[in-house]
Amino acid sequence: MSITKYQALLEGNDNVSNKQKDDYLTEKQVAEEYPIYTVNSLRFYRSTQRSLFPFHKIGRKVFYKRDDIEKTLAKSRVEQL
């Protein structure tokens with residue numbers, strides 16, 4: 001993902017922010033919409049209790065709330081002077 005696309009994502013200037021903020025995404029959808037994460041990296045972080053995002057687990061299915069992902073990405077933004 002290019003830096004400009006990542007910046008647009010954080011600033012909300014893309015089609016992802018136009019979707020419902022209460023959407024729940026599967027780990028595969030998260031990996032597709034936020035290519036800086038893979039399905040395997042999400043699984044690894046969950047298994048080691050270091051998940052970057054809060055998640056919901058129903059049976060074997062794992063869901064991430066879109067709003068939680070976007071808030072976490074916004075908090076991790078670093079601005080250099």
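The values are calculated or read from the model by the stated rules, or taken from the named source; none is laboratory data. Please read all numbers here as calculations on a predicted model, not as lab measurements. Quick reminder, even Gly has a Cβ in these numbers, built from the backbone with ideal geometry, and neighbours come from all protein chains shown. Side chains are part of the model used for accessible areas, which takes the heavy atoms of the whole protein and leaves out ligands, DNA and RNA. Shrake-Rupley method; radii C 1.70, N 1.55, O 1.52, S 1.80 Å.
Scanning the stretch 16-37 for residues that are loosely packed, with under 11 Cβ neighbours inside 10 Å and modelled with pLDDT under 55 yields one hit, N18. Can you tell me which residue is farthest from F53 (Cα to Cα) among those in the stretch 66-81 that are open to solvent by 40 Å² or more (accessible area, probe 1.4 Å) and among the aliphatic types (A, V, I, L, M)? Among those that are open to solvent by 40 Å² or more (accessible area, probe 1.4 Å) and among the aliphatic types (A, V, I, L, M), it is L81.
Being without any contact (Cβ under 8 Å) to a residue 40 or more places away in the chain, of a type in the set (S, T, Y) and under 19 Å from V39 (Cβ atoms) is the filter here; which residues of the stretch 54-76 pass it? Within the stretch 54-76, just T72 meets the criteria. Taking the stretch 38-52 as the range and being of a type in the set (S, T, Y), open to solvent by 70 Å² or more (accessible area, probe 1.4 Å) and not in a helix (DSSP H, G or I) as the test, only T38 passes.
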